[in-house]
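> Quick one: structure below, then a few questions.
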4 protein chains.
Amino acid sequence: MRLLHHHPEVQKIDLYTSSEEGTLFSMKYPHTTKLYDQPLLKIDQAQLTNYDVLFASTPAGVTSRLLPPLIGKGPKLIDLSGDFRLNNVADYELWYKKTSAPIKAIEQSAYGLTEWNMEAIRQADLIANPGCYPTAVLLSLLPIIKERLIDASGLIIDAKSGVSGAGNTPGPMTHFSETNENLTIYKIHQHQHIPEIEQGIEQFGNYKTPVTFTTHLVPMTRGIMTTSYAPLTKGVTEEVLIDCLKDYYDGRPFIRVMPESAKFSTKQVYGSNFCDMHVKVDPRTNRATIVSVIDNLVKGAAGQAIQNMNVASGLEETTGLNQVPLFI
Amino acid sequence: MRLLHHHPEVQKIDLYTSSEEGTLFSMKYPHTTKLYDQPLLKIDQAQLTNYDVLFASTPAGVTSRLLPPLIGKGPKLIDLSGDFRLNNVADYELWYKKTSAPIKAIEQSAYGLTEWNMEAIRQADLIANPGCYPTAVLLSLLPIIKERLIDASGLIIDAKSGVSGAGNTPGPMTHFSETNENLTIYKIHQHQHIPEIEQGIEQFGNYKTPVTFTTHLVPMTRGIMTTSYAPLTKGVTEEVLIDCLKDYYDGRPFIRVMPESAKFSTKQVYGSNFCDMHVKVDPRTNRATIVSVIDNLVKGAAGQAIQNMNVASGLEETTGLNQVPLFI
Amino acid sequence: MRLLHHHPEVQKIDLYTSSEEGTLFSMKYPHTTKLYDQPLLKIDQAQLTNYDVLFASTPAGVTSRLLPPLIGKGPKLIDLSGDFRLNNVADYELWYKKTSAPIKAIEQSAYGLTEWNMEAIRQADLIANPGCYPTAVLLSLLPIIKERLIDASGLIIDAKSGVSGAGNTPGPMTHFSETNENLTIYKIHQHQHIPEIEQGIEQFGNYKTPVTFTTHLVPMTRGIMTTSYAPLTKGVTEEVLIDCLKDYYDGRPFIRVMPESAKFSTKQVYGSNFCDMHVKVDPRTNRATIVSVIDNLVKGAAGQAIQNMNVASGLEETTGLNQVPLFI
Amino acid sequence: MRLLHHHPEVQKIDLYTSSEEGTLFSMKYPHTTKLYDQPLLKIDQAQLTNYDVLFASTPAGVTSRLLPPLIGKGPKLIDLSGDFRLNNVADYELWYKKTSAPIKAIEQSAYGLTEWNMEAIRQADLIANPGCYPTAVLLSLLPIIKERLIDASGLIIDAKSGVSGAGNTPGPMTHFSETNENLTIYKIHQHQHIPEIEQGIEQFGNYKTPVTFTTHLVPMTRGIMTTSYAPLTKGVTEEVLIDCLKDYYDGRPFIRVMPESAKFSTKQVYGSNFCDMHVKVDPRTNRATIVSVIDNLVKGAAGQAIQNMNVASGLEETTGLNQVPLFI
């Protein structure tokens, strides 16, 4: 809502709900008072076809049923859940423990990692917006894997996220007194973003490998950092790695390859659509450490969704997404 | 820098420093990489007259010497320190324990509480941007005091601020391990914003009274809440108070008088130039509780400074200041 | 559990539950692994009479039914809810919006503000452990009110609490992403601790008055600070106020009247049973500001409950309660 | 101070300082009011020999000069800096960028990883208390490395620490507004604890290898988590790893090998001397993930120092160290 409100080409925003029909959005979220005082509307399939773009932001297992009937009916569909991300139906059912979307709908969709799939995004009616962790991981690793600068079969990814990644539903993982002043490791080797990362490495990096991936909950609201480790290909130096990233992302507005001497932290992208990355070679072990940060709610969710809307609608990719990070 | 970068009428920004000449701003603050990669410049009085607007953001006691020679030399001067806020030189020296600015420069300046002093701001060469606490206190109390709806001689103001209000210099009050998971009361009855509040009540509310004012440091980065208590004038109801605020601020873009049933918290203005206010009458004691929130770094500092720049430059007051609060 | 585990006279601890029978406590709270690996037991009235002491820690409205049948059956009953705190049944029903406990049970109970009601606590079978806010407020104000050093009819109490005061049940008020980096005012003039404070002022301070009381939620887990304001009685100085507090609490192990030059913050009592207090007179307005801090989970709940157990069991008041605060 | 105050065999505590002579400790740290109101004393070598035990808590490069003259003069010396930890003088000078302590003093010292070096600690006059990160890493890895259950040449250690690990001196890394709501990676591959970890693996695990080690600053005060990754030795299962840890630490009071279904987080050891560990095998990549948590200020510093004092003084290892973690 914040980002759409800033978007110069958005003329009208309606919000639909399955459970809070009639509630004024600004009573639920007082920061939108004067900016968006409309009530939430009841979902109605017929109404939904009247929009140019539909964003669906639901738990897994909802849009697999809701969106397929709308494909080709008019609106560009941008789904923020995991329901259309995995090409392999069995993977979805194994990791999400739910019934998959119909394979035909998945085949009609485009994976919305904007920097790597722009042509498909431009043409698709349904865009599967990537998960927050896969966005940070893939953007920082794909050029290096594709150029075979590391041995990706040895990839170990240690990921850390702020608490808003756990969603809006109160529960023990998001209960202040259990989360504040605390760091928790969770879903070790079992996070549903693992197959999405592996699929992305195969699809865009042309390399097939399982990865070790763990996730940690950090006592902050926003931000993801992924720290990835891999053996270097023989002869590859830090400079080669950095140049590779700079070359791939030359001219891409939301990617920043950071110089060595800067501090590197999640807050440098807070509230913005940037993905910042940083590389250090460990000469003692001949491994590379590749670090990446995003705002999980912007480049990791709503920001990338709007970036995809821009691409799919023929707008400049950065339209409405020029927010300067809120560092302090 | 964040706000100026968003401002459509700002063409060029240069940063001057007394101690870090040559440092790349984006090395110090990596979130500005690609957005502002310029070096800090050495302060040079002659150079400074070449700009349309100069913002001065220094500790107390610096601009009282730095700015007077520049008055009338071209640039609109907007000072974010306390050096030109107090009309009474003795007050400044008592509360700030420093030598005051020359009385003539003070007389040439306008107090920059935009909503209450727009005509003077429009004409002045030097604008004394208000303190963070006085902004939140005065905006929420002035209409009610001016209309004599409360007995302002009984005013008690309990103020709470995030840690960024303590400035950018590391010290015990800003040391993470002493501040995190901790609430501190400080400068009880001794904060230098007290005379500024009393002067504002007199100047704009036509009422002369000392106030009881205490300040608390809250373990968060941004945000100020002021909770003010006063006896009600006989016959005044909650509705009368709310209507008074709504009438005074009708059409003012940055003031929001919040309805009763909403939650009321600092984060609803996070990153924005809003000042939100809320009133509750306690029928058991016949007192009013008036609560106000601002982002201390925006409406309490840089945002109001840009609002003043807009007014002083003949621009629409909201230009470049339409940031939606970053609630979560 | 933490405090009882440290208590040298406690031989056996059993935990009863209405909803999680059989759950290992240490699976739910891993920090008790090796220390308390027992399962939660199902509540059984007959079993409960076998203990020397029963602590009841439930939402309001539960112990009003659960405990009365156990009075006089053997165990000392210590109730941490509000069900037996208010002598006036109508007050309970007005503020808690629930059916009161039987008036006879209330009359048999003692209000457990240990420093002020020790004789009654020693003799009662049922102890109504005070609320967290009333503990901090009453301990710091009672001597001053009783000695008529302030005009208590003008009392304004601005209270701030960490999030653990909102209980263990996940909900919007305790949701990390809504609470972190945020300060919220809630239940303005409507908190159910108001009648408890007024009753305590009347019972122990011999003064009957309504008070203005507001509550704020601070982004930290533990800690309460109450900042109280009142007009001074003519001729009373800061020294008189401080001496009054020091005299009343001379020799009381858990009360610390802090010297002026120290910092004053909630974390100085973190994890301990201390109540620290501090007084400043505002000579410009002739008012006193009285500040008090406790750990809401210790002196504001479990610690005071154990202090009451000690008193009621003829033990030294400090037994098992010598925890040094965990400042950093 | 907190832990020594609780210790039943400690009779007298004096505090020495190089810069704040005469300051009352309780004015600096108000939480110790009534508990420790003594002034800080000026360091005087002659006086220092009058104690049974001396703890030195200084930056690196101080005790290398201060302590050697005191060896054999009476007191057991327990040094919390890095000055006597590294047997190889060149390593110290390379990683700490300071002149090493005399090699003879280093040879007379014992490395104070209590669970692994008890005999040497018992006999030494000088104990080099381990670094916080090495304590967490070594305790969780040594049994598994010693038994060759993983290929330690592939070890990657991703470490996360609360801000108190950065010390008590205010600076950008500990400035609240830069650290709060932020996660920072720092000293990538360059932390001075790397040679200490490698030395411990060689000395106690009989395996010589460089390790990849990175460190992250988490917005919380206390707590360290280390997440270590390594290829499994052929045929090794999760059960084998867990049994190995349980066997090695059978009967050790401060080590807890956590069951699979519990949550695993830093706060479960908050304020206590526990080191908790947890192991998960990733069957898809045939790697082990070994996680360990300590309170960096207790088992990672003062707690282990007192544990070493107990061992060196012939007391029960747990004396004064039975604090239950403060989970919420």
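> Starting from residues that are outside any loop (DSSP other than H, G, I, E, B) and in contact (Cβ under 8 Å) with a residue 24 or more places away in the chain, keep the ones in the range C:3-31 and report whichever is farthest from the other protein chains (Cβ to nearest Cβ).
C:Tyr16
> For the range C:200-210, name all the residues that are touching a residue at least 40 places away in the same chain (Cβ under 8 Å), within 14 Å of another protein chain (Cβ to nearest Cβ) and either closer than 21 Å to C:Phe84 by Cα or in a helix (DSSP H, G or I) (or both).
First, the residues of the range C:200-210 that are touching a residue at least 40 places away in the same chain (Cβ under 8 Å): C:200-201, C:203-207, C:209.
Among the residues that remain, those that are also within 14 Å of another protein chain (Cβ to nearest Cβ) are: C:201, C:209.
Result: C:Ile201, single match.
> Separate question: So which of D:Thr266, D:Thr237, D:Thr215 is over 14 Å from the mean Cα position of the chain (by Cα), buried (at least 24 other Cβ atoms within 10 Å of the Cβ) and not assigned by TED's automatic domain parsing to the domain that holds D:Asp91?
Testing whether each residue is over 14 Å from the mean Cα position of the chain (by Cα), buried (at least 24 other Cβ atoms within 10 Å of the Cβ) and not assigned by TED's automatic domain parsing to the domain that holds D:Asp91 leaves just D:Thr266.
> Look through B:Pro195, B:Pro172 and report the one residue that is in contact with a Phe, Trp or Tyr (Cβ under 7 Å, 6 or more places away or on another chain) and on the phi < 0 side of the Ramachandran plot.
B:Pro195
> Can I ask one more? Could you list, in sequence order, the residues of the range A:291-314 that are of a type in the set (A, V, I, L, M) and more than 14 Å from A:Thr135 (Cα to Cα)?
Step one: list which residues in the range A:291-314 are of a type in the set (A, V, I, L, M), which gives A:291, A:293-294, A:297-298, A:301-302, A:305-306, A:309, A:311-312.
Correct list: A:Ile306, A:Met309, A:Val311, A:Ala312.
> Specify the residue that is farthest from B:Thr221 (Cα to Cα); the eligible residues are those in the range B:160-193 that are among the aliphatic types (A, V, I, L, M) and surrounded by 24 or more Cβ atoms within 10 Å (Cβ to Cβ).
The extreme case among them is B:Leu183.
> In the range A:15-68, how many residues are acidic (Asp, Glu) and within 25 Å of A:Asp125 (Cα to Cα)?
Residues in the range A:15-68 being acidic (Asp, Glu) and within 25 Å of A:Asp125 (Cα to Cα): 2 in total.
Results for (1) over 24 Å from C:Leu326 (Cα atoms); (2) in a loop (DSSP other than H, G, I, E, B); (3) in contact with a Pro (Cβ under 7 Å, 6 or more places away or on another chain); (4) without any contact (Cβ under 8 Å) to a residue 40 or more places away in the chain, shown as yes or no for each residue.
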{"residue": "D:Tyr36", "(1), (2), (3), (4)": "no, yes, no, yes"}
{"residue": "D:Gln47", "(1), (2), (3), (4)": "yes, no, no, yes"}
{"residue": "D:Asn50", "(1), (2), (3), (4)": "yes, yes, no, yes"}
{"residue": "D:Leu54", "(1), (2), (3), (4)": "no, no, yes, yes"}
{"residue": "D:Pro59", "(1), (2), (3), (4)": "no, yes, no, no"}
{"residue": "D:Asp83", "(1), (2), (3), (4)": "yes, yes, no, no"}
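> Look at the range C:25-67 and say how many of its residues are more than 24 Å from the chain's Cα centre (by Cα) and surrounded by fewer than 18 Cβ atoms within 10 Å (Cβ to Cβ).
The total comes to 15.
Residues are listed down the side, and each one gets a yes or a no for (1) of a type outside the set (Gly, Ala, Ser); (2) crowded, with 21+ Cβ neighbours inside 10 Å; (3) more than 16 Å from the chain's Cα centre (by Cα); (4) within 11 Å of another protein chain (Cβ to nearest Cβ):
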| position | (1), (2), (3), (4) |
| --- | --- |
| B:Met277 | yes, yes, no, no |
| B:Asp282 | yes, yes, yes, yes |
| B:Ala288 | no, yes, yes, yes |
| B:Ala312 | no, yes, yes, no |
| B:Gly320 | no, yes, yes, no |
| B:Val324 | yes, no, yes, yes |
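> Here's another thing I want to ask about it. Quick check: anything in the range D:151-168 within 14 Å of chain B (Cβ to nearest Cβ), of a type outside the set (Lys, Arg) and more than 27 Å from A:Thr215 (Cβ to Cβ)?
Yes: the range D:151-168 contains one or more residues that are within 14 Å of chain B (Cβ to nearest Cβ), of a type outside the set (Lys, Arg) and more than 27 Å from A:Thr215 (Cβ to Cβ).
> Moving to a separate point now. Of all residues in the range D:129-171, count the ones that are more than 15 Å from D:Thr266 (Cα to Cα), in contact with a Leu (Cβ under 8 Å, 6 or more places away or on another chain) and assigned to a strand (DSSP E or B).
1
> What residue, of B:Asp243, B:Asp247, is charged (D, E, K, R) and either under 24 Å from C:Tyr186 (Cα atoms) or within 14 Å of chain D (Cβ to nearest Cβ) (or both)?
Every option except B:Asp243 fails the conditions.
> Let me ask something else about it. Quick one: how many residues across the range D:214-230 are in contact with a Phe, Trp or Tyr (Cβ under 8 Å, 6 or more places away or on another chain), in contact (Cβ under 8 Å) with a residue 60 or more places away in the chain, more than 7 Å from chain A (Cβ to nearest Cβ) and not in a loop (DSSP other than H, G, I, E, B)?
So the answer is 3.
> With C:Glu115, C:Glu93 as the choices, which residue is assigned to a helix (DSSP H, G or I) and crowded, with 19+ Cβ neighbours inside 10 Å?
C:Glu115
> Okay, next question. Do you know which of the residues in the range C:249-272 that are β-branched (Val, Ile, Thr) and touching a Leu at 6+ places or on another chain (Cβ under 8 Å) is farthest from C:Leu326 (Cα to Cα)?
Only one residue fits best here, namely C:Val257.
> Now for a different question. In contact with a strand residue (DSSP E or B) (Cβ under 9 Å, 6 or more places away or on another chain), closer than 30 Å to A:Gly171 by Cβ and within 14 Å of chain A (Cβ to nearest Cβ) - does that describe any residue in the range C:186-196?
For the range C:186-196, residues in contact with a strand residue (DSSP E or B) (Cβ under 9 Å, 6 or more places away or on another chain), closer than 30 Å to A:Gly171 by Cβ and within 14 Å of chain A (Cβ to nearest Cβ): present.
> Report, by residue number, each residue of the range D:102-153 that is of a type in the set (A, V, I, L, M, F, W, C) and touching a Cys at 6+ places or on another chain (Cβ under 9 Å).
D:Ala136, D:Leu139, D:Ile144, D:Leu149 - these are the residues of the range D:102-153 that are of a type in the set (A, V, I, L, M, F, W, C) and touching a Cys at 6+ places or on another chain (Cβ under 9 Å).
The values are calculated or read from the model by the stated rules, or taken from the named source; none is laboratory data. If you're wondering where the values come from, they're calculated on a predicted model, not measured in any experiment. Please note: Cβ atoms are built from the backbone with ideal geometry, for glycine as well, and neighbour counts cover all protein chains shown.
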